[in-house]
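The values are calculated or read from the model by the stated rules, or taken from the named source; none is laboratory data. Please read these numbers as outputs of a predicted model, since none were measured by experiment. Methodologically, a virtual Cβ is constructed for each residue, glycine included, from the backbone with ideal geometry; neighbour enumeration extends over all protein chains shown. Remember, those area values only see protein heavy atoms, side chains included, never the ligands or the DNA or RNA. Shrake-Rupley method; radii C 1.70, N 1.55, O 1.52, S 1.80 Å.
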Amino acid sequence: QKTLSLFLQEDISDNYIKQHPARTKKIVVAEKRTEFDPRYINNHNIEAYLNYIMQPVDVYDESIFFVNKLFLSPIADNAKLYYKYHIADTIRNEKGFNIRIKFEPFNKQNLLFTGELIISMDGRYAVERANMSVDKQANLSWVTQLNMNLSYFKNIDGVMLQDSSHVLVQFGGGKKDVLFGERMSVNTDYDLNYPISKEIFEGQPIEKKLNPNLSLNQIRPVLLNVAEQNTYINVDQINQLKSFKTLAAIGYLLSQGYYSLGKLEIGPLEYVYHRNNIEGNRVRLGGRTTPSFSEKVYLQG
């Protein structure tokens, strides 16, 4: 099997969460991502769309939003009406006793999970690990496989906090060609007593305040595998291909009606030539500036 990776986004961020009222703030301090030719492809839209369909997941939420669908958590208040459970094993380690519980939906066509939970036996019955997948019979359109592996730890106050999450989703119904999506999150340095001021939540929920002194190569929590390392190389090579540049330019011209010259776009295409019986042949030349020219001033004529 051969895998061609075309998109990769990495970021280190400070995350602030307030429960009453519920508010969140993410401040990205370091990032690295692949980028196609910005003249023809809106990289920001790709990033925003993928972050939307592959949002962070937490088994402690009543409902889990993923790939534009809402799934009922196996530990939701009314989960016993939709899931069936059975104890598979008991586990003993240095932390004490745990119970491994397997669960599956009564109706496999519903948006529910199948998998197992590792439950602590310290009197709190907290979820320490959750391995979940979606049955192929579930109505997920182009999604053919969805796996989630979530890990939690207990802090000194006894609060269960998410340690890491790994999600793998497969799109496409073909036997040979499929599309994979993967999201991994590692959470560290929790501070439940940090005083959060109101000013932190001002502005957009996600902001970028990149620290020039931080390098992902030095603070990356999980090393990239070979396929992930090649992603940056693959995209750079694709951007240099003349055939790709030509295809992207033609596709942008047909879809947007403009031919890009970098800081200036010529168009729109549908008004370049016009003819009627009174005026005869008419040729119109127009254009507009792009964000490469200025992000504050846009000119067209």
Under Stokes-Einstein, segment 183-272 at 10 °C and 1.306 mPa s, with its Kirkwood radius over C-alpha pairs, diffuses with a coefficient in µm²/s of 85 µm²/s
Quick tally, 1.4 Å probe accessible area for His20, His44, sorted with the most first, runs His20, His44
Quick calc: nm separation of the 7 Å Cα→Cβ label points for Leu264 and Ile53 -> 3.8 nm
In a Gaussian network model of the chain with springs linking alpha carbons closer than 10 Å, the residue among Gln204, Gln218, Gln19 that fluctuates most is Gln19
Within segment 196-301, DSSP-loop trypsin sites (Lys or Arg not before Pro) with at most 14 other C-beta atoms within 10 Å are Lys209, Lys263, Arg284, Lys296
Between Lys136 and Asn276, the FRET efficiency computed from the C-beta separation at R0 = 45 Å comes out, to the nearest 0.05, as 0.20
Binned at 10 Å from zero, the C-alpha pair distances of segment 99-231 give percents of 9, 25, 32, 26, 8, 0
Within the set Glu199, Glu104, Glu279, GNM on the chain using Cα springs under 10 Å gives the largest fluctuation to Glu279
On the formula 1/(1 + (r/R0)^6), with r taken between the Cβ atoms of Ile233 and Gln256 and R0 of 35 Å, the FRET efficiency rounded to 0.05 is 0.75
So the FRET efficiency between Tyr60 and Phe201, C-beta based with R0 = 22 Å and rounded to 0.05, is 0.50
Quick calc, the chain, dipole around Cα centre from Cβ unit charges on Lys, Arg (+) and Asp, Glu (-), nearest 20 debye, gives 820 debye
Under the rule rounded for a/c under 1.5, else prolate if a/b exceeds b/c, else oblate, using alpha carbon gyration tensor axes a ≥ b ≥ c, segment 155-211 is classed as oblate
Candidates Ala76, Ala22, Ala130; GNM for the chain (alpha-carbon contacts under 10 Å) flags as most fluctuating Ala22
Mean accessible area per residue over the chain (1.4 angstrom probe, all protein chains present, square angstrom) is 69 Å²
Low-density loop trypsin sites (Lys or Arg not before Pro), segment 26-116, at most 15 other Cβ within 10 Å, DSSP non-H/G/I/E/B, are Lys95, Lys108
Rounded to the nearest 10, the angle in degrees between the Cα long axis of helix 226-240 and the longest principal axis of the Cα atoms of the chain comes to 10 degrees
Counting only backbone N atoms under 20 Å from a point 7 Å out along Cα-to-Cβ of Leu168, the residues of segment 63-93 in range are 66-67
Place a point 7 Å from the Cα of Phe293 in the direction of its beta carbon; the residues of segment 247-285 whose amide N falls under 13 Å from it are 259-268
Taking alpha-carbon centroids only, segment 199-219 lies from segment 69-125 a number of Å equal to 36 Å
Among (1) 86, 47, 40; (2) 74, 49, 45; (3) 61, 41, 38, the value of Cα extents along the principal axes in Å computed for this structure carries the label (1)
Taking N as the number of residues in segment 1-104, the ratio of its alpha carbon radius of gyration to 2.2 N^0.38 Å works out to 1.53
Output for segment 138-182: chymotrypsin sites (Phe, Trp or Tyr not before Pro) sitting in coil per DSSP, at most 14 other Cβ within 10 Å, listed by number, reads Trp142
